[in-house]
1. Taking 0.36 nm per residue of sequence separation and subtracting the Cα-Cα distance, how much length would be gained by fully extending the chain between residue 221 and residue 166, in nm to one decimal?
2. Enumerate the amide H contacts of residue 187 below 5 Å, restricted to partners 5 or more residues apart or on another chain; note that Pro and chain-start residues carry no placed amide H.
3. In nm, to one decimal, how far is the modelled label at residue 9 from the one at residue 70, with both set 7 Å along Cα→Cβ?
4. Expressed as a rounded percentage, what relative contact order does segment 153-266 have, with Cα pairs under 8 Å and six or more residues apart?
5. How would 10, 26 line up by accessible area, probe 1.4 Å, largest first?
6. Round to the nearest 10 and report in Å² the accessible area of residue 56, as given by a 1.4 Å probe over the protein chains' heavy atoms.
7. To the nearest µm²/s, what D does Stokes-Einstein give for segment 55-122 at 4 °C and 1.567 mPa s, using the Kirkwood radius over alpha carbon pairs as Rh?
8. Semi-axes of segment 180-285's equivalent ellipsoid from the Cα gyration tensor, sqrt of 5 times each eigenvalue, largest first, rounded to whole Å?
Amino acid sequence: MKAQYRIRNWSEYNAALKQRGSLTFWIDEAVVEGWIDPYLSGKPGASVYYSDLAIMTMATVKAVYRLAGRQCQGFLESIFELMDIELSVPEHSTLSRRVGKLAIALPVLPKSGARHVVVDSTGVKVYGEGEWKTRQHGVSKRRTWRKLHLGVDEETGEILAAVVTTNDMTDGAVLADILDGIEDEIEQVSADGAYDQRKCYDAIRERNARATIPPRKGAKIWQHGNSKAERHNRDENLRRIRKGGRKAWKRESNYHRRSLAETTMFRFKTIFGGNLSPRKFDNQAVELFIKCAALNRMIQICKPDSYGVGA
């Protein structure tokens, strides 16, 4: 029988969901004061007029509301006019030229204690035919994707680190970069069987964390028990699976919480869609980082507090 859950904080969660769709705009004085860059670059050519904060604000509005460049420019111009803000809005071409150079920091609330990081990746389409034509006629050679690799906090649901690669990059090759992007202490890293590689276990061991990765079928012990070296985390997982079964190991190791990474991917594509509008890789990566930052701010408003209901 499928497990059922109820939400303890329904009134607060319901209000937060409505707030996410609110069109009430409030612009901080610091944003208005920092909209224009007062400094000269000291390099040949004209210095930038708009600050990075202005470009990031415009790019965030563009991503959240799924606007084209010119639409976003007109949208912000109308907002500034309604709010009597006497500031010009960057041209859509200026946004496209500068957005790829932005450095995006993911907003993450401080937390006491070590984190349980769940890792996964998803594909985001750059260009190509739609799903119907693909099912009918097969995949086109022009069908291109970018891969978004995420490290998510199992408890809070926040995205702790994100890496963007081309579609030919394997998941295991990116795990070390994801962990490097997390400054907090890590207690456990949970990932699917695609990360069952030595370099992944080495990266997790460097962070003094426990690896919860299901060994592949037919897996062999890497380091036998009579060795004087420290017991390998993967071998201990494999021995426990052989003794009690894969289902019992997943329950004991809290592996099922890894599905929260897939839940984050679902939320990401539900809110922002599964396509990218920029054509340059740097712009595509920054757009995905901006969406991750916006998703963190959304979940920080309120998160459902659910509990299991007995049959």
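1. 16.5 nm
2. 115, 116, 117
3. If labels sit at residue 9 and residue 70, their model points lie 4.4 nm apart.
4. Numbers: 109 pairs, mean separation 27.0, N = 114.
Worked out over segment 153-266, it gives 24 percent.
5. So, going from the largest accessible area down, we get 26, 10.
6. Number for this one is 60 Å².
7. Translational D for this selection: 89 µm²/s.
8. Numbers: eigenvalues 206, 60, 34 Å².
Semi-axes, largest first: 32, 17, 13 Å.
The values are calculated or read from the model by the stated rules, or taken from the named source; none is laboratory data. Only a predicted model underlies this, so the values are computations on that prediction, with no experimental measurement involved. FYI the Cβ positions are ideal-geometry reconstructions off the backbone, even for glycines, and counts take in every protein chain you see. Keep in mind that these areas ignore ligands, DNA and RNA; they rest on the heavy atoms of the full protein, side chains included. Shrake-Rupley method; radii C 1.70, N 1.55, O 1.52, S 1.80 Å.
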